[in-house]
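Encoded as structure tokens, the structure appears first; notes follow it.
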Amino acid sequence: FRRLQEVTLVHLQAIADSYNATVGVHARLQGLAAESRAAALALNQSQAAVQGDLAQLQAWARKAQRRSRRVGARLRALALALSEKSARHSQEEKQHQAQRDALQDALARLTLHVHGQDARLAALEGQQPTAKPGTTAPRLTPTPARAPPAQSGPSPLQLQGHRQGPGASPGSWSPAQDLSAGLQRTREPPAPGSHQVLTGAAITQRDPPPWAPTPQGPGEACGLGPVLVFPNASTENVAFLGLGLPVALRALSFCSWLRTAPGRLGTLLSYATEDNDNKLVLHGRDSLAPGTVHFVIGDPAFRELPLQSLLDGRWHHVCVIWTSLQGRYWLHVDRRLVAAGSHFREGYEIPPGGSLVLGQEQDRVGGGFDSSEAFVGSMSGLAIWDRALVPREVTNLATGKEMPTGAILTLANASAGGFVQRVGCTCPGSCS
């Protein structure tokens, strides 16, 4: 019986343990069920919120789509209007450019005509005799052209370069005529053109009549602005003229009062760009013929200009003028025309945006200087125009009367470097 009791107790204990485990599992299952119901409720709430958000997004998307369609229609209309306006503007710009080109060509032709008329007037004034007191001045009558003399002596007009032109009578010569007697030697392939250097009797024809005012130097012509003094041939002595050319040039006039070291002509002006370090140069160096400079436009093209009169160490007024129309150019020294030519860089345009320096020749933008090419002396009243000055304007400059309007650069734009001195003199001729 005790054995049966023990076995029964063991079974009852096992049954109790199984019951307890079942109760624990049931409680756990109930907890999981409650958690699942809470999760399902939260999920339902999230789904409801997401569906509400999606409904709002769909409504917003429909509104945005309608707005985008309206904006697209407006943009298409605006693009069409802009394209039409751009086409009209382009057409107007082409018309304006054609008008500007026509005006520039007309201005250049008018300049050439004025140069010719002024030269003829100066020649007539030079031939008119001086009227004495108590006498009546004789009337000017056209002088008939004489036949060219036999070449038994030197011609009044001599062309520098490899050839010389035939002799011509001073009475029949006019500086405005384009003498096709030969080209100044150039480093580019030869092109039809001429280079005239007026010497001897030709200069006499350009001399002013006795009653004309004598050319003034800075000692008499005051109010020219600052004087730049380049004391020696150091490569550190340089003046940068502004930020280079502000506009493209199809014509230019460079004028300045100059006083050079006796017997030496250096580089007056050098304009360099990234693609060409000799876009515009008035270049002198020790190896050139005494008293000459190279007038370079778009290397390798150049003309050799005679400036022997500057070698005396005194003040002189120099104007170099060029226009792309027919490639005409003129050199005035002390208001006298001493050289002229044509077909030099005809139709060429000097671009803006380069480096423009005074007193040194650039072998690269802003540098590469050589002391043998340096300018030694003084500059005053320097200015550059984007047009060709007429002879009367050159005369007014040389006699200190007035400054032609429209200068794009002057010495006021210059920044001096090295030992270059900026001297503020009322009358430059009085400065040491």
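Couple of notes before you dig in:
- Heavy-atom accessible area per residue - segment 226-430, 1.4 Å, Å²: 33
- Segment 281-432 - percent relative contact order, Cα under 8 Å, separation 6 or more: 15
- Dipole magnitude of segment 226-430, debye to nearest 20 (Cβ charges: Lys/Arg +1, Asp/Glu -1, about Cα centre): 700
- Segment 226-430, accessible surface, carbon-and-sulfur percent (1.4 angstrom probe): 49
- In segment 226-430, one over the average inverse separation of all distinct C-alpha pairs is 16.6 Å, which is the Kirkwood hydrodynamic radius.
- Think of each Lys and Arg Cβ as +1 and each Asp and Glu Cβ as -1; about the Cα centre, that makes the dipole of segment 1-84 roughly 880 debye.
- With every protein chain in place, segment 17-69: carbon and sulfur % of accessible area (1.4 Å): 60
- Positive dipole terminus of segment 1-84, leading residue within Leu75, Gln30, Leu12 (C-beta point charges): Leu75
- For segment 1-84: accessible area per residue (Å², 1.4 Å): 89
- Cα→Cβ-extended label distance, 7 Å offset, between Leu78 and Tyr348, nm: 4.8
- Surface accessible to a 1.4 Å probe, Leu110 within the full protein complex, Å²: 100
The values are calculated or read from the model by the stated rules, or taken from the named source; none is laboratory data. None of the values given here were measured: they were computed from a predicted structure. Neighbour counts are summed over all protein chains in view; Cβ atoms, including those assigned to glycine, are modelled from backbone coordinates with ideal geometry. The accessibility values were calculated without ligands, DNA or RNA, using every heavy atom of the protein model including side chains. Shrake-Rupley method; radii C 1.70, N 1.55, O 1.52, S 1.80 Å.
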